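No lab work stands behind these numbers, since they all come straight from the coordinates. Remember, predicted model here, so these are calculated numbers, not experimental data. So basically every Cβ, Gly included, is an ideal-geometry build from the backbone, and we count neighbours across all protein chains shown.
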Amino acid sequence: MIYNIPFIAVVAMIFIGLFAVLFKRNLVKIVIGISIIESGVNLFLITLGYREGGVAPIFTSAPSEVVKNAPGSMVLPVPQALTLTSIVIGVAVLALMLSLIMHIYEHYGTLDVRKIRGPEE
Amino acid sequence: MNWFELITLHSPPLIVAVPLLAAFLTPLVSKINDTVRNLFVLIMLSITGLLVLILGYDVLTNGIRVYVFGGGAPLPSGMNIPVRIMFEIDSMTIFMVIITIILALISILYSWSFMKDKDGLDKYYTIILLLVTSIFGMELTGDLFNFFVFLEISCITSCALIAFYVNKKESLDAAFKYIVISSIGALFILFAIGLLYAQYNALNMATIANAIQFTFFDKIVLVLLITGLAMKSGLAPMHMWLPDAYSRSPASVTFILVGATLAGLYGSLRVIFTIYGNQLLNTGFTFYPGLIIGIIVTALGVLSIFIGVFMALKRSDFKKMIAYTAVAEIGYMFLAIGSYLIGLALSVPDNPQMLIAGTYALKGGLFHILNDALDIGLLFLVAGAVYYATKQTSLNSLGGLARNMKYTTIFFLIGLLAVSGMPPMNGFASKLLIYQSTYQISPILSIIAIICSIMLLAVFVKVFQSIFLGPEIPSLKNVKEVPKSMLAAMALVACIIIFIGLFPNIIIDNLVTPAAEALQNTTTYISTIVGGT
């Protein structure tokens, strides 16, 4: 059970984020929701990468008995690499969304989605 | 011919690398001169096009190509998991890459005069080249995480391009809508990739497809992946960003955005046919998984057709109508793919007729990808030309343009006939394949498809009548024909449309049939990487 807590947290964060995106009216809150979903997904990847008793795969700084006896206990760092990439992408998307919000506020003078509409047809 | 073999060997990464490098060189080159910059972008994309042709010839004659980054042999010795990033190129990839390069070249040619008097053009060309890079990457890669990275690049760059008119509030609105939808879709896809990695310890599509068990988690993954990619490709319940984004960005951008949308469609084809390809006829369930996926995809496709056509009928804005038509056209492709899956599942005990019908549906659907990109693209280019000449897009304030813009009128007529599936144009060839084959799966589907196609004709006859015909409007008396580069771009698309319409067999035999076979043949794709049988 105790090992499942991170996964429960992941699902909870994704649903909280989706709730914010779907039901909040403020653009900044929608962006926060997306950010929460992203953190949830990143937490999921990090949790996947955890191995009990694993050693970071840096050959020179690993304890000498690990290098000698059990080199297999070094962890393949793919999930960590994925998370780093995903965080970097997330920052780019976040910056783009916030700058769009700034421009939207300049034009409409509000951040309420109900008042932000294209031209009526 | 040693150097030629070398280029052939390294063409897959070069196709991605050349536009990427060109993108970051463009701001430097544009310091010299505007004309030099435009020529530079055009030449770089032509080099990419040449590489695409070389690679395409190689793949279509010699079969699937695998390119492993950072190593000659497929796998480093002693490893049984492919940990490296690989590009895997089969005929389906080639088909999509050719479509993308055609769209990119024509769009650059068109923007030469269309964007001439705008500011910030060095950034515009940089972002367009980055978008082209990301579309190529999504199509060439054989690695799921790499696919996600390119997908995110395409989200960011498309959003920046949709918001190109920063001083217009409605384009900002559309860009924000787009980036919210597509980044949520991309996060779904990343979550699904994490679930797959947790179960099979691999990110390579072929390795995952080899090991997949169709467990409970795999079903969740399938739903997440299809949902995320359908958001990206604008399928019906997730289509609301598409009309805004298409109609409020510059026409040259829309032309490439069609390519980005189709890359999302390509991703869902890869998921259904490659990753889950061997599970479509899994006998462990009451119904075949293929049948259920097929019914859902068909239903969504029909829904898209309905929504697209009816919303297009109701609009009075020229570009919005074309954008809703694009939703309907995406629906036709998904309808064809779903029909293939249904046909495959129904054919199993002793009904090979269904499989043949399904295969024709798949061919029609793939062929329609090419035709849709050209038809919708041409209409958007014409809409851009009308906007360039008159600064209007509303049907109510336009009229009698055929007097002054005779070439544009002819191109619009060609696009109109093509998009509604009239005989001498390319839309007829692919739509006829879809009608014929879906009739054998279920007559209702083909009736819906035909009726909606006729209604598309009604939509565009109305547009044609009110924009190009009718009395001259005083305020539009001094309208001039658009510049030559825009006319050349439109003429090029129109020529391709008529050529495909007159000789559809050339395209079907040389590009579409190999692509359909590559999709159906999951085992070949897997065994190229995993090895053995």
Legend entry - Pairwise label distance in nanometres, B:Ile410 with A:Ile8, each label 7 Å out on the Cα-Cβ vector: 7.2
Legend entry - Cα-based helix-to-principal-axis angle, A:78-108 vs chain A, degrees rounded to 10: 10
Legend entry - Unit charges at the beta carbon, dipole of chain B: most positive-side option, B:Thr215, B:Leu457, B:Ile529: B:Leu457
Inset, instruction - Name the long-range amide H neighbours of B:Tyr288: under 5 Å, sequence gap of 5 or more, or other chain; modelled H, no Pro or chain starts. - result: none
Legend entry - P(r), alpha carbons of the protein assembly as shown - 20 Å bins starting at zero, rounded %: 18, 53, 25, 3, 0
Inset, instruction - Could you give log10 I(q)/I(0) at q = 0.10, 0.13, 0.20, 0.25 Å⁻¹ for the range B:260-355, computed by the Debye formula over C-alpha point scatterers of equal weight, without solvent? - result: -0.34, -0.52, -0.94, -1.21
Legend entry - Extreme residue, positive dipole direction of chain A, given options A:Ile116, A:Val55, A:Asn42 (C-beta unit charges): A:Ile116
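What Kirkwood hydrodynamic radius do you get for the range B:1-66 when you take the inverse of the mean 1/r over all pairs of distinct Cα atoms, in Å?
13.0
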Legend entry - Selection from B:Thr283, B:Phe318, B:Met238 lying farthest towards where the dipole of the range B:231-385 points positive, charges on Cβ: B:Phe318
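Only Lys, Arg, Asp and Glu count, each charged at its Cβ (+1, +1, -1, -1), so figure out the dipole size of chain B about its Cα centre, rounded to 20 debye. Intermediate values should be presented prior to the final figure.
Details: 27 positive and 24 negative charges, 289 e Å.
Value, rounded to 20: 1380 debye.
What translational D, rounded to a whole number of µm²/s, comes out for the range B:327-370 from Stokes-Einstein when the hydrodynamic radius is the Kirkwood one over Cα pairs, at 20 °C and 1.002 mPa s?
208
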Inset, instruction - Just tell me which aspartates and glutamates come within less than 14 Å, Cα to Cα, of B:Lys314; anything on the same chain fewer than 8 places away is out. - result: A:Glu120, A:Glu121
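From the mean inverse distance of alpha carbon pairs (Kirkwood) and the Cα radius of gyration, derive Rg over Rh for the range B:176-257.
On the way: Rg = 15.6 Å, Rh = 14.1 Å.
Rg/Rh: 1.10.
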Inset, instruction - Diagonalise the Cα gyration tensor of chain A and give the resulting equivalent ellipsoid semi-axes, square root of 5 times each eigenvalue, largest first, whole Å. - result: 43, 17, 8
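Gain in length, B:Gln353 to B:Ser397, computed as 0.36 nm per residue apart minus the alpha-carbon separation, to one decimal in nm?
Values: separation 44, 0.36 × 44 = 15.84 nm, distance 5.29 nm.
Extra length from B:Gln353 to B:Ser397 when fully extended: 10.6 nm.
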Legend entry - Inter-probe distance in nm under a simple model that places probes 7 Å from Cα toward Cβ, at B:Leu6 and B:Met240: 5.5
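Once you keep just the Cα pairs under 8 angstrom separated by 6 or more residues, what percentage relative contact order results for the range B:282-359? Numbers along the way, then the final one.
Values: 100 pairs, mean separation 27.8, N = 78.
Over the range B:282-359, the number comes to 36 percent.
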Inset, instruction - Compute the acute angle (0 to 90°) between the alpha-carbon long axis of helix B:289-314 and the principal axis of greatest extent of the alpha-carbon atoms of chain B; round to the nearest 10°. - result: 10
Legend entry - In nm, spacing of pseudo-spin labels at B:Ala299 and A:Ile32 (7 Å Cα→C-beta vector): 3.7
Legend entry - Neighbour-count order for B:Leu335, B:Leu417, A:Leu94, fewest beta carbons within 10 angstrom listed first: A:Leu94, B:Leu417, B:Leu335
Legend entry - Cα long-axis angle, helix B:426-441 against chain B (0 to 90 degrees, to the nearest 10): 50
Legend entry - Rg followed by Dmax, in Å, when chain B is reduced to its Cα trace: 22.5, 78
Legend entry - Nonlocal amide H pairs with A:Met74, under 5 Å, H built at 1.01 Å: A:Val55
Legend entry - Backbone HN-Hα couplings from phi across the range B:87-93 [Karplus 6.51/-1.76/1.60, Hz, Gly and Pro as x]: 9, 10, 10, 10, 5, 5, 4
Inset, instruction - Only Lys, Arg, Asp and Glu count, each charged at its Cβ (+1, +1, -1, -1), so figure out the dipole size of the range B:177-316 about its Cα centre, rounded to 20 debye. - result: 340
Inset, instruction - Pull up the cross-link candidates among the aspartates and glutamates for A:Lys24, meaning alpha carbon to alpha carbon under 19 Å and not fewer than 8 places away within one chain. - result: A:Glu38, A:Asp112, B:Asp173
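Nearest 500 deg cm²/dmol is fine: what mean residue ellipticity at 222 nm does chain B get from its DSSP H runs of n ≥ 4 alone, each adding -39,500 (n - 2.57), divided by its residue count?
Values: 20 runs with 395 residues, N = 533.
The helix contribution divided over chain B gives -25500 deg cm²/dmol.
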Inset, instruction - Only Lys, Arg, Asp and Glu count, each charged at its Cβ (+1, +1, -1, -1), so figure out the dipole size of the range B:424-533 about its Cα centre, rounded to 20 debye. - result: 360
